[in-house]
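Accompanying notes for the structure given below.
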Amino acid sequence: MSKDYYARLGITQSADAAQIKKAYRSLAMKCHPDRNPGDAEAEKKFKEINKAYEILSDPQKRAHYDQFGSAAFDGSGGGSQPGGGFGFDFGQATGGFSFEDVFHEFMGGGTRGGNKTRKSSGQRGSDLRYDVSISLEEAFRGLEQTITIPAYVSCESCSGSGAKEGAKPTSCGSCHGSGTVRAQQGFFTVERSCPTCNGEGSIIENPCIKCHGHGRTRKQRTLKISIPAGVEDGTRIRLSGEGEAGYRGGGHADLYIFVSIRPHQFIQREGADIHCEIPVSITTATLGGEIEIPTIDGGKARVTIPEGTQANQKFRLKSKGMPIIRRDLRGDMYIHTRIDVPTKLTKRQKELLTEFAEIEETSKSKGSSFFDKLKNLWSSSDAN
């Protein structure tokens, strides 16, 4: 069943990011389980508004939701593939804020997670973006491409720990390894990152000479990426774990490939369907016949042009369009006729066309012409 995430947050589809955030804050504070102990309905609603905010607060997810509805996020869509690799990412939010951020702010900076201490395991690396521009033919076939990107990688000398070989980080004496320190402010206890270890929970007394204690170095990375057949313009592909290495052993981030498709000289694309304008001679359009046209897969197709074909008439070639990702199907190709009127005629051609025009005038005189009908229509309108 389709879910209306806008209705769950009590906003309209035209709401901007600030309005979405404001609506979420208000509802999340009201329905949080800590404020409604034992209320199953409040807990259910809290989960629903969190899901709605997760989708609508991310521009990429919101665009997919507006186009495909909630079905795009019910398990049939993309997302990261098991075990890493790359896939179509309609899923995990990058950044934003959670309800815990709201609750933390509302309570005046109090501690999160009760009395539990937090020990840092290094900062996660930054996500990377790489833009790829391909032709429509390459989008049809799919392709593999080798790219080179500058990025932070785990230091080989210290294996990402930041400590000199043989040495190990020691627990911070100021925060006792938690990465945070607390201070009393009136009635509240405020928790902040430890200034001694910068929230890491540990101190490196003998830093690695190569990375200077950061646990990572910057270098050019080369890797091979795969663009699937049928990819659309604006598609984002996520390569899990291929982003920058984290600080002092923090996790690797992701690499996002943004695909753009260059405009084609003759073909326009609409989803999996393609459209092409084909010139048809005036004689073929009048008398009928067959024309041969090239197709996107490199082959050829014959199209029957019926007698009396008009300009901008549309013909469908089934399954001659673009591949549909994850399905063994193709879209259709639509041919739009353009009557090709000759600009240079031989003397004999002019004689034949003149003779044809004379015959046409004779035929018109035997019946009511278009202009006669139009004249009669205006006359009847004036009479009324």
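Quick note: the coordinates plus some simple rules give every number you see, no bench work behind them. This one's a predicted model, so the numbers in the text were calculated from it and none came from an experiment. With ideal geometry, Cβ positions are generated from the backbone for all residues, glycine too; neighbour counts draw on all protein chains shown.
Compute the FRET efficiency between residue 146 and residue 233 as 1/(1 + (r/R0)^6), taking r as their Cβ-Cβ distance and R0 = 35 Å, and round to the nearest 0.05. Spell out each step's value before the answer.
On the way: r = 22 Å, r/R0 = 0.63.
Here the calculated transfer efficiency is 0.95.
Given 0.36 nm per residue, what is the gain on full extension from residue 16 to residue 42 after removing their alpha carbon distance, in nm?
On the way: separation 26, 0.36 × 26 = 9.36 nm, distance 2.60 nm.
Roughly 6.8 nm would be gained on extension.
Just tell me which aspartates and glutamates come within less than 20 Å, Cα to Cα, of residue 320; anything on the same chain fewer than 8 places away is out.
137, 138, 232, 233, 270, 273, 277, 290, 292, 297, 328, 332
Average projected area of the Cα convex hull of the range 233-356, in nm²?
Working: hull surface 45.4 nm².
Computed as one quarter of the Cα hull surface, the answer is 11.4 nm².
What is the gain in length, in nm to one decimal, between residue 226 and residue 156 on full extension, counting 0.36 nm per residue of separation less the C-alpha to C-alpha distance? Don't skip to the end; give the middle numbers.
Working: separation 70, 0.36 × 70 = 25.20 nm, distance 2.76 nm.
Full extension of this stretch gives 22.4 nm more.
Could you sort 155-161, 352-358, 295-301 so that the peptide with the highest average Cβ count within 10 Å comes first and the rest follow in order?
Working: 155-161: 19.0, 352-358: 10.9, 295-301: 13.3.
Highest-to-lowest ranking by the protection proxy: 155-161, 295-301, 352-358.
Apply the Karplus curve 6.51 cos²θ - 1.76 cosθ + 1.60, θ = phi - 60°, to the phi angles in the range 40-51 and return the couplings in whole Hz, x for Gly and Pro.
Computed from phi, the couplings for the range 40-51 are 5, 5, 5, 5, 5, 5, 4, 5, 5, 6, 5, 5 Hz.
Just grab the label-to-label distance for residue 51 and residue 341, each label 7 Å out from Cα along the Cβ direction, in nm (one decimal).
Result: 6.0 nm between the two label points.
Run the numbers for residue 352 and residue 206: contour at 0.36 nm per residue of separation, minus the present Cα-Cα distance, in nm.
Working: separation 146, 0.36 × 146 = 52.56 nm, distance 9.73 nm.
Full extension from residue 352 to residue 206 adds 42.8 nm.
Quick one: divide the alpha-carbon radius of gyration of the range 141-216 by 2.2 N^0.38 Å and tell me what you get. Working shown, then result.
Working: Rg = 18.8 Å, N = 76, 2.2 N^0.38 = 11.4 Å.
For the range 141-216, the normalised Cα radius of gyration comes out at 1.65.
Just to confirm a number: summing +1 for Lys and Arg and -1 for Asp and Glu over residues other than residue 250 whose beta-carbon lies under 9 angstrom from that of residue 250, what do you get?
Values: positive: 124, 216, 248; negative: none.
Local net charge: +3.
Longer than 29 Å from Cα to Cα, which of 168/219; 22/47; 47/224; 3/30 are they? Say none if no pair is.
Listed pairs above 29 Å: 47/224.
What does the highest-first list of 327-334, 211-218 look like by mean Cβ count within 10 Å? Can you show the working numbers first?
Working: 327-334: 15.8, 211-218: 19.5.
The densest-packed peptide leads the list: 211-218, 327-334.
Going by Cα centres, the range 250-269 and the range 302-353 are how many Å apart?
31 Å
Using the Cα gyration tensor of the range 128-270, with a ≥ b ≥ c the square roots of its eigenvalues, what is the shape: rounded (a/c below 1.5), prolate (a/b larger than b/c) or oblate (neither)? Each step should come with its number before you reach the end.
Details: a/c = 5.06, a/b = 2.13, b/c = 2.38.
Oblate, because a/c is 1.5 or more while a/b does not exceed b/c.
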